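Colleague: Please see the structure below; I have some questions.
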């Protein structure tokens, strides 16, 4: 049996840091990290322009197919995803609006989205922080470039609302907590849910 937990939230909120801490401390949890780079590389090779409908649809089809494949091959036990299928669904549906386009993505990717929606996390932990906190954390973190940071910020409030309406989502305020306090909150939730 597989129990899937996905960490969601804005860029620089602390998802990867939390995932690494949990991976070190809890050997019974399989931690899988977001790795968009192979698809980004393929997009470059195919010269896809994601600001045009055809390029965006092709790009998202690649991301959706990769996530479905990853989900089919999850290891048995407790799995923690640094982002997950819900993240890909959100950006597939909402990114076009953020660049001023009104494409009917539900129609364009109907079959792919239906299959992606079968890949659901059992528990979604949404780490939340105000935009100014995310900007400050990004500025302090020199380990990652986060080139699409500003673009993602445009969707920040919409993203939180979208996750709130999904079943099994828990919103955690990670804005002014220490890394240890965020970890303790998450571990407490996992104990209460009888996951650990």
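Colleague: Using the alpha-carbon atoms, what tilt in degrees (0 to 90, nearest 10) does helix 37-46 show relative to the longest principal axis of the chain?
Modeller: For 37-46 against the chain, the angle is about 10 degrees.
Colleague: Expressed as a rounded percentage, what relative contact order does the stretch 2-192 have, with Cα pairs under 8 Å and six or more residues apart?
Modeller: Across the stretch 2-192, relative contact order equals 34 percent.
Colleague: Once you've got the GNM for the chain with C-alpha springs shorter than 10 Å, pick whichever of 121, 161, 98 has the biggest mean-square fluctuation.
Modeller: 161
Colleague: On to the next question. With the chain treated as a Gaussian network of Cα nodes joined by springs under 10 Å, which of 20, 160, 72 yields the largest mean-square fluctuation?
Modeller: Fluctuation is largest for 72.
Colleague: Taking only Cα atoms, what is the 0 to 90° angle, nearest 10, from helix 131-140's long axis to the longest principal axis of the chain?
Modeller: 80
Colleague: Hey, another quick one. I'd like to know how the stretch 41-116 sits against the 2.2 N^0.38 Å rule of thumb: what's its Cα Rg over that expected value?
Modeller: 1.17
Colleague: At 4 °C and 1.567 mPa s, what whole-number value in µm²/s does Stokes-Einstein give for the translational diffusion of the stretch 2-192, with Rh from the Kirkwood sum over Cα pairs?
Modeller: It diffuses with D of about 74 µm²/s by this estimate.
Colleague: Determine, for 107, 11, 1, the number of other Cβ atoms within 10 Å of each Cβ, and report the residues in order from fewest to most.
Modeller: Listing 107, 11, 1 from fewest to most nearby Cβ atoms yields 1, 107, 11.
Colleague: For the stretch 57-115 and the stretch 164-178, write down the distance between their C-alpha centroids in whole Å.
Modeller: 21
Colleague: Here's another thing I want to ask about it. Decide, for the stretch 2-71, between rounded, prolate and oblate: order the square roots of the alpha carbon gyration tensor eigenvalues as a ≥ b ≥ c, take rounded if a/c falls under 1.5, and otherwise choose prolate if a/b is larger than b/c, else oblate.
Modeller: Verdict is prolate for the stretch 2-71.
Colleague: Separate question: Compute the helix-to-body angle for 179-192: its Cα long axis versus the longest principal axis of the chain, expressed 0 to 90° and rounded to tens.
Modeller: 80
Colleague: Still on this model: How large is the helix-only mean residue ellipticity at 222 nm for the chain, computed as the sum of -39500 (n - 2.57) over DSSP H runs with n ≥ 4, divided by its residue count, in deg cm²/dmol to the nearest 500?
Modeller: So the calculated ellipticity at 222 nm is -16000 deg cm²/dmol.
Colleague: May I pose another question? Name the residue, out of 35, 168, 128, whose mean-square fluctuation peaks in a Gaussian network model built on the chain with Cα pairs under 10 Å.
Modeller: Result: 35 has the largest fluctuation of those listed.
Laboratory data are not the source of any read-out in this text; all were calculated from the coordinates shown. If you're wondering where the values come from, they're calculated on a predicted model, not measured in any experiment. Cβ: placed from backbone, ideal geometry, glycine included. Neighbour counts: every protein chain shown.
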